[in-house]
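Asker: First the structure, which I've put down as structure tokens, then a few questions once you've had a look.
The values are calculated or read from the model by the stated rules, or taken from the named source; none is laboratory data. Because the structure is predicted, anything quoted here is derived from the model rather than measured. Note that we place each Cβ from the backbone using ideal geometry, even for glycine, and neighbour counts take in every protein chain shown. What goes into the accessible areas is simple: the full protein's heavy atoms, side chains included, and nothing from ligands, DNA or RNA. Shrake-Rupley method; radii C 1.70, N 1.55, O 1.52, S 1.80 Å.
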Amino acid sequence: MQKITIEDLLALIAQGEGEKIEFKARSTNMAETVCAMANTAGGCIIIGVDNKGKIRGISEREKERIVSSLQSLMPAPEVTISDVEINGKRIVVIKVEKSKRFITLGPNAYIRIGRSNRPLDIEELAVVSVEELKVTFDTLPSSVPQKEINPKLLKNYFVSREKKRGIPLRGELKENLKRIKAIKGNHLTLAGLLFFTDEPQVHLPWTGIRLIELHPDGETKEIIEFKGPLWKMIEEVYEEVLRHLPRKEIRIGVKRESFVIFPEEAIREAIINAVAHRNYRIRADIRIFLDPQRLAIKNPGSFPPGVDPEDPEHIPRNPLICQYLYDMGYIEKYGFGIIRMRKAVKEHPLAQLEFKLSSMKTEVIFSTQTSTLSEDEHIILTLLKSGPLSSTEIAESLKISKVTALKKLKKLKKMNLIKKEGKGKNVKYSLRK
């Protein structure tokens with residue numbers, strides 16, 4: 001047991017219960033909660049505090065049970081156990097680190113959804129268990145013979161690789177195919193099938209992409225299906241998404257500029273990431289939903305174990321697919337795609353970005369509030385991208401009265417787009433992250 005300060009404990013309690021914090025009046029179901037937190041995003045369990053945040057304390061006997069209750073978790077999660085006494089009442093805090101391996105409790109496994117622990121069903125558990133194996137999907141041999149390779153697609157790959165990475169083609173074609181692991185024996189690997197045949201979806205029907213355009217009321221307007229080699233689908237989907245996205249014209253300073261409502265670079269990165277990192281073992285296609293205010297890219301599978309959008313370390317689920325995309329110039333630096341997306345959105349005057357993860361899917365969501373904002377309000381958001389400003393500075397930039405500027409700032413603050421900091425003459429406004 002380590003010690004924790006009373007101040008640190010009270011600060012944790014003040015945050016309230018949520019995905020990363022749980023109060024427990026008693027030490028029951030400890031292993032289940034530790035398992036769920038380790039498999040999701042980590043967190044803290046405060047034992048001896050009821051669900052209203054009131055300090056109850058636990059007995060010495062309960063304190064001794066805590067460590068033994070965690071011994072049924074496999075593999076052992078990384079936890080830190082601390083305790084503190086307040087007014088004669090013992091409180092124990094368990095800090096759970098996010099695990100890079102999947103944790104099970106006997107035959108079961110749990111993930112954290114909000115304030116609850118949810119057991120994974122058989123299909124979810126099977127998918128996650130396979131993720132733990134060292135053999136990746138894209139390196140497995142397919143039933144498709146090497147003769148189904150389209151020579152033009154293969155030539156395009158090698159030409160792109162030499163142009164982008166300076167790696168020339170050397171030796172016999174079959175030796176090169178073995179070198180890049182596109183074949184095993186006389187059959188294509190699954191990566192080779194997905195890159196070098198005209199329509200891999202004949203053999204892997206779930207590897208296509210659907211673009212679903214929606215009316216403002218949410219009803220489906222149009223569905224476009226894409227099939228073909230992965231790199232070709234990236235190009236075709238990207239062009240089609242841009243064709244459907246509305247543009248917005250706003251004034252910045254004395255100039256008027258026209259913007260696609262979401263940053264083009266970030267959209268392209270999101271499509272590439274979906275293709276590169278989706279879980280191809282899950283038999284569902286990538287779906288892209290588009291309406292006038294929102295673009296959502298949904299791909300099968302969560303981030304690989306140990307990786308999340310806040311810490312985009314590159315641990316490829318599909319190393320061969322990632323390598324081919326890198327060779328052809330679609331991926332410039334491993335693990336850098338999400339960073340580029342965030343940067344592009346931050347510099348864009350209209351867009352916001354959100355990631356939603358579950359055990360079976362990942363959603364990348366671009367959104368905007370263009371329909372509810374005036375031109376001046378868009379300009380204010382653009383100005384604040386560069387840093388905090390006072391109402392006087394904003395009024396001068398827009399050439400409007402300070403009273404008018406304050407009204408617009410009040411609206412943006414109410415919409416939770418900006419925040420107000422400081423007091424009196426030192427008040428400044430900045431974008432809410």
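Asker: Might you let me know whether segment 302-314 holds any residue that is at pLDDT 85 or above, within 18 Å of the chain's Cα centre (by Cα) and surrounded by 19 or more Cβ atoms within 10 Å (Cβ to Cβ)? Let's see the steps before the verdict.
Answerer: So the first thing to find is which residues in segment 302-314 are at pLDDT 85 or above, and the list is none.
Taking every residue of segment 302-314 in turn, none turns out to be at pLDDT 85 or above, within 18 Å of the chain's Cα centre (by Cα) and surrounded by 19 or more Cβ atoms within 10 Å (Cβ to Cβ).
Asker: Among the helices (runs of 4 or more DSSP H) confined wholly to segment 315-418, which include 1 or more residues that are in contact with a helix residue (DSSP H, G or I) (Cβ under 6 Å, 6 or more places away or on another chain) and under 20 Å from Ser430 (Cβ atoms)?
Answerer: The qualifying helices (runs of 4 or more DSSP H) are 337-347, 375-384, 391-398, 402-414.
Asker: Out of all the residues in segment 368-403, which are at pLDDT below 90 and polar (S, T, N, Q)?
Answerer: Residues satisfying the conditions are Thr368, Gln369, Thr370, Ser371, Thr372, Ser374, Thr382, Ser386, Ser397.
Asker: List the residue pairs whose Cβ atoms are under 8 Å apart, where the first residue sits in segment 43-62 and is closer than 16 Å to Ile94 by Cβ and open to solvent by less than 40 Å² (accessible area, probe 1.4 Å), the second is modelled with pLDDT of 85 or more and among the hydroxyl-bearing types (Ser, Thr, Tyr), and the two are 6 or more positions apart or on different chains.
Answerer: Ile45/Thr33
Asker: Note down all Cβ pairs under 6 Å where the first residue falls in segment 100-112 and is among the hydroxyl-bearing types (Ser, Thr, Tyr), the second is surrounded by fewer than 23 Cβ atoms within 10 Å (Cβ to Cβ), and they're at least six residues apart or on different chains.
Answerer: Note: pairs meeting the criteria are Thr104/Met74; Tyr110/Glu32; Tyr110/Asn117; Tyr110/Pro119.
Asker: Here is a list: His187, His215, His203. Which entry is out of contact with any His (no Cβ under 8 Å at 6 or more places or on another chain), farther than 25 Å from Lys298 by Cα and either among the polar types (S, T, N, Q) or open to solvent by less than 80 Å² (accessible area, probe 1.4 Å) (or both)?
Answerer: Going through His187, His215, His203 in turn, the sole match is His187.
Asker: Need the failing condition index for Ile365 against (1) open to solvent by 60 Å² or more (accessible area, probe 1.4 Å); (2) modelled with pLDDT of 90 or more, just the number.
Answerer: (1)
Asker: OK, next. Mind listing whichever residues of segment 52-75 are of a type in the set (A, V, I, L, M), out of contact with any helix residue (DSSP H, G or I) (no Cβ under 8 Å at 6 or more places or on another chain) and within 19 Å of Ala36 (Cβ to Cβ)?
Answerer: Within segment 52-75, Val67, Met74 qualify.
Asker: Please determine whether any residue of segment 342-353 is at pLDDT 90 or above and more than 30 Å from Arg165 (Cα to Cα).
Answerer: Scanning segment 342-353 turns up at least one residue that is at pLDDT 90 or above and more than 30 Å from Arg165 (Cα to Cα).
Asker: Right, next: Among (1) out of contact with any helix residue (DSSP H, G or I) (no Cβ under 8 Å at 6 or more places or on another chain); (2) over 15 Å from Asn117 (Cα atoms); (3) assigned to a helix (DSSP H, G or I), there is one condition Glu85 misses while meeting the rest; what is its number?
Answerer: Going through the list (1) out of contact with any helix residue (DSSP H, G or I) (no Cβ under 8 Å at 6 or more places or on another chain); (2) over 15 Å from Asn117 (Cα atoms); (3) assigned to a helix (DSSP H, G or I), Glu85 breaks only (3).
Asker: So, one more: Conditions first: (1) open to solvent by 20 Å² or more (accessible area, probe 1.4 Å); (2) at pLDDT below 90; (3) under 27 Å from Glu19 (Cα atoms). Gly337 passes all but one, so which condition is the exception?
Answerer: (1)
Asker: One residue is enough: does segment 377-398 have a residue meeting the conditions of a type in the set (D, E, K, R), more than 30 Å from Phe303 (Cβ to Cβ) and open to solvent by less than 30 Å² (accessible area, probe 1.4 Å)?
Answerer: Yes, because at least one residue in segment 377-398 is of a type in the set (D, E, K, R), more than 30 Å from Phe303 (Cβ to Cβ) and open to solvent by less than 30 Å² (accessible area, probe 1.4 Å).
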